[in-house]
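Trainee: Have a look at the structure that comes next, please.
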C-alpha cells in the first residue's frame, strides 16, 4: 500500500469499530455468566473454623474444602464433616467442567496420604469424612488398593468417624471395585455428573454414563449394606425432563442418595454456564427425588457432592437404623 492509498481517519474508524464490537461481545458474555441475586456465598468464619484451620496448618494437612474454596466450608466443619482428596493432584482424565490438573503422574503414589487421612479425622474430631480422588489410569489397579488402605486406616484409628468414598470408576473393573468395597466404607459414591445426552460434552470419554450406572449397580448388588450415592450438576444445557429420566435410571439400580448443585465455570477455558436454576427448581427436584424413593436428597444452588453428607447419618438415626 502506498502512502497515497493509506487513509489514517478510515483506519482509525475501523480500529474503533473493532474495539466496540469486542467490548459488546465481552459484555454479553459477562451478562450470561453473571450470577443471580439469590446466588450469594457467605465467607467462612466462626471460632470453630479458625481453630480447625490453625490445627490443620500446624499438622500440614489440607482439605478439599479449603483447596476448592467451598462455599459450605464453615457449615460442614461446624458439623464435624470434611472432605480430603487422595491419589495426588494430577488427574489422568480431562473432564470439561473440572479445574483439577490433567496429566500423567507416572505411577507415583504418596503413601503418607494413608496416615494423614487418619490424622485429619483425629485432629478435626470428625464425625464424617468424605474421601475423594483424581482418576489414576496410570496405576495398575487405578488406585483402588490405596483407597481401601486409606479407609481402613481411618476406621482403625478413629472408629467413630464414618467414611464416605467418592470414587473413580476404576475402569469398570469388578476386581478393583471389590477391593474398594471390602474396606467397608459407610457410603460409596460415584458421580454421574450430568444427563446421558450431555455426557461426552461434559465428561472425559472414558467416563461414560452407562459405565457409572454399572459401577453403582455393582456395589449395590454385591454390598447391599453399603449405601450408594451420586451427584448431578445443573445449568449445562440439560432439561428438567432429562434430569427426571436420569433419576429414574438411578432408582432402577437402587441408588440411595442423590444431590443436585449449580454448575459454576472455573475458568474461561471450561464449559460456560447456560442457565442458573432458581431455588424453587432445586426444591422441585428434591421433592421429585423423594417421591421416587431416594433415601436422602440434597438440592440447592451451592450444593456440592459432599455437602450435607453427614445429614444422611442423622437421617438414618432418626429412622432408627443407627444408634
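Trainee: Could you list 130, 273 in order of exposure, starting from the residue whose Cβ has the fewest other Cβ atoms within 10 Å?
Mentor: Neighbour counts put them in this order, fewest first: 273, 130.
Trainee: 7 Å from Cα along Cα→Cβ at both residue 53 and residue 111: what's the point-to-point distance in nm?
Mentor: Distance between the two pseudo-spin positions: 3.5 nm.
Trainee: Another question, if that's okay. Highest mean first, how do 285-294, 248-257, 185-194 rank when packing is the count of other Cβ atoms within 10 Å averaged over residues?
Mentor: 185-194, 248-257, 285-294
Trainee: Please give the residues of segment 264-299, grouped as numeric ranges, whose backbone N is less than 20 Å from a label point set 7 Å along the Cα-to-Cβ vector of residue 37.
Mentor: Answer for segment 264-299: 275-283.
Trainee: Quick check on the exposure proxy: order 80, 175 from fewest to most C-beta atoms within 10 angstrom.
Mentor: Least crowded to most crowded, the residues run 175, 80.
Trainee: Which of the peptides 155-168, 97-110 is most tightly packed, and how do the rest follow, going by the mean number of other Cβ atoms within 10 Å of each residue?
Mentor: Ranked by mean Cβ neighbours within 10 Å, highest first: 155-168, 97-110.
Trainee: Cut-off 14 Å, label point 7 angstrom out along Cα-to-Cβ of residue 217: give me the residues of segment 253-293 whose amide nitrogen falls inside.
Mentor: Backbone N within reach: 253-255.
Trainee: First obtain the Kirkwood hydrodynamic radius of segment 94-169 from its Cα pairs, then insert it into the Stokes-Einstein equation at 20 °C and 1.002 mPa s, and state the resulting D in µm² per second as a whole number.
Mentor: After rounding, the answer is 160 µm²/s.
Values quoted throughout were computed directly from the atomic coordinates according to the rules given, and no laboratory measurement underlies them. Values in this document were obtained by computation on a predicted structure and should not be read as measured data. Cβ: placed from backbone, ideal geometry, glycine included. Neighbour counts: every protein chain shown.
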